[in-house]
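Engineer: First the structure, which I've put down as structure tokens, then a few questions once you've had a look.
The values are calculated or read from the model by the stated rules, or taken from the named source; none is laboratory data. Given the structure is predicted, the values throughout are model-derived calculations rather than measurements. For neighbour counting, all protein chains shown are included, and Cβ atoms are generated from backbone atoms with ideal geometry for every residue, glycine included.
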Amino acid sequence: MSETCASNQTIDDTKPSDSDQYIETDEKDLDNEADDTDLPIDRGWAWMILAGAYINSVLVVGMLRLEGIFFNEYQKKFQSSSGLTSLIPSVQNGVYSLFSLIVMLIGSSRLNTRVSLLIGGLLVSVAYIINSRSTRIEYVIIGQGVLSGVAYSFIHLPIIVILSQYFKKRRGLANSISVSGSSMGGLVLAPVVTAMFEYYGYSGTFLIMSGIALHCWVAAALFRPLEFYKRRLRMKSEELKPLTSSFKSTALDSQFNIKGVQKPSNFNGIIVDGLQSNISNSSSLPQQPAIGYKILDPICDEKCPLKDQTDTLTQHVDIKHSARSLLGKGEITVTESSLTNTISGVIESICQSDGARLASVVSLNVPIGSVHSLKEVKEDKTNTKASAIARAFRTLFDLELMKSPLFWTLLFQASLTCSGLVFMSVFFGPRAREIGLDETQIGLLYSVMNIVELFCLVLIGFISDLKFCRRSTLIAIAALVEGILANCMALFTTFESFIACVCIHGVFGGMYFALFAVNLVDYMGMEKIDSCLGFTNLIHGLSISILFTTLGSLRDISGNYISSFHLVGSFLLLSFLLNMFTPFVERWVKKRQS
């Protein structure tokens, strides 16, 4: 908290009245000055935000964990090839990555997290309705691919951003708990959806799922913007802000170096005192107050002759002696009549200005916000709205990041890790069906995988917040294990061995998605997180789209998924090497900058 003075000149030692003793806050620095004790960071409503993120992950993102089950149902319903069916997740992730940039661009100035989730939940529901009525695989590509991709762009990134705002010390744990909601959703929904496909068929199942998706609106209601609390603090500080803190009385002796001036017996040390008038009641004067200032009595009365007011002024100060002090230390010969005429001219000029109507003579040196500044504020707001998208675009696409070798390293390993892990999760189902497992067994596989992942994600978030090792090291370990697992996929040919496979994937498969946003903050800083997330999610979507289409076609050519898993395993092992190499790149960049 800082207290601003009316001027840089000496303040009278006289204490102000009790009504003037308030605390003043500088609004410009409010956001910077509001520390964690003033905002619900890592406490209070932050946990409700996390609860909303978790519910959303269970209901909406958890359905994405069932893509392997959906993949088999699409092929059974439309008799489509693996290459054509793989276009559904490819288009979905491509559209998601592109629209994520648009949502971040618009959302930074137009939409808050709550509105984004309401829009996303509605679009997901509509996408499932389209799926339920589709008669060709192309319609599913439009519904589940295009429309749901747009929907998830309104859901995923805004949640990551608001969690980063509400959590600092426990950011890793919060992200892990949020991501674990998708595992809980997969755990609960996998057997339920499998049973619904048996009892209600293809159309009935997707119609029911459209209703389930709308329940994310309940979670959206919990996403109160952090600006709500900042605005409340600002309002409280405004209540404490004094109306006259900037209009402090200035002593005559401290304002000017006056010696030998004879003061009247009723003179209280103020430069001009008692020049009150009823001019504020005049209909000819503006009735709106200046912005942030109190209307004070004018310096003079337009209806009163100037000579009388000049006489009032001269009654308080000996003009001859005061003029000698005001005009300089040298001897100056000035007649009383000439000074009276001069002061009359000055007062007449002041009376014609806005300052005479809005300020006292003591505070004429303070910047006065006149009524005309209201128009300037409106123009500034208009210009701000017009340039909001441009500023958000520059924030989201911080091209300075493209000059950073460290960020390029992070993008490269993100493209390899994300696409590989998503392929593993989605194509476990088709591979299990390929070795002869039935739909009930496949649903059980996904349930076991989500149970293991649910507990491991929370544990990973807790471990990452202990900071005994870098988060990039944890991601590197996950990429190494998943790369080895993908290359050994040909060994899992029975239901029991596949259970072991999905358990290993449950331990390490979700580690990257729980930590990648926090890992970006560790390397690039919180101030650049919007741009980093924008570019990273673009790379995520494009890499998944390209890889899924390629691997689906590779399966049609080779006749099985083994070659596809080998390619994915190679990508994950390369990602492991890049993750281990990233800290060295960071040190090299810092050394070069220093």
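Engineer: Contact list please: Cβ distance under 8 Å, first residue in segment 447-461 and in the same structural domain as Val61 (by TED's automatic domain parsing) and touching a residue at least 24 places away in the same chain (Cβ under 8 Å), second residue outside any helix (DSSP H, G or I) and of a type in the set (D, E, K, R), pairs at least six apart or on different chains.
Structural biologist: Asn450/Arg65
Engineer: Spot the failing condition for Val95; the list is (1) crowded, with 23+ Cβ neighbours inside 10 Å; (2) in contact (Cβ under 8 Å) with a residue 60 or more places away in the chain, and only one is missed.
Structural biologist: All conditions pass for Val95, except number (1).
Engineer: I would also like to ask the following. Report yes if Cys503 is part of a helix (DSSP H, G or I), assigned by TED's automatic domain parsing to the domain that holds Gly68, closer than 18 Å to Val179 by Cα and modelled with pLDDT of 90 or more, otherwise no.
Structural biologist: Criteria met by Cys503.
Engineer: If you don't mind, there's one more thing I want to ask. Just to be sure, is Thr473 within 21 Å of Leu533 (Cα to Cα) and surrounded by fewer than 23 Cβ atoms within 10 Å (Cβ to Cβ)?
Structural biologist: So Thr473 fits the description; yes.
Engineer: Residue by residue through segment 543-588, note down the ones that are outside any helix (DSSP H, G or I) and buried (at least 23 other Cβ atoms within 10 Å of the Cβ).
Structural biologist: Within segment 543-588, just Tyr561 meets the criteria.
Engineer: Which of (1) at pLDDT below 90; (2) within 26 Å of Pro191 (Cα to Cα) does Ile102 not meet, given it meets every other one?
Structural biologist: (2)
Engineer: Continuing with this model, one more query. Being assigned to a helix (DSSP H, G or I), over 27 Å from Glu227 (Cα atoms) and touching a Ser or Thr at 6+ places or on another chain (Cβ under 9 Å) is the requirement here; does Ser100 meet it?
Structural biologist: no
Engineer: Right, here's the next one. Kindly evaluate Asp42 against the criterion of being under 22 Å from Ile177 (Cα atoms), acidic (Asp, Glu) and touching a residue at least 24 places away in the same chain (Cβ under 8 Å).
Structural biologist: So Asp42 passes the test.
Engineer: Would you be able to tell me the number of residues in segment 448-462 that are surrounded by fewer than 17 Cβ atoms within 10 Å (Cβ to Cβ) and closer than 14 Å to Phe498 by Cα?
Structural biologist: 0
Engineer: Which numbered condition in (1) of a type outside the set (Val, Ile, Thr); (2) in a helix (DSSP H, G or I); (3) without any contact (Cβ under 8 Å) to a residue 24 or more places away in the chain is the only one that Ser134 fails?
Structural biologist: (2)
Engineer: Give the residues of segment 416-442 that are closer than 17 Å to Thr550 by Cα and surrounded by fewer than 20 Cβ atoms within 10 Å (Cβ to Cβ), sorted by residue number.
Structural biologist: Answer for segment 416-442, where residues must be closer than 17 Å to Thr550 by Cα and surrounded by fewer than 20 Cβ atoms within 10 Å (Cβ to Cβ): there is none.
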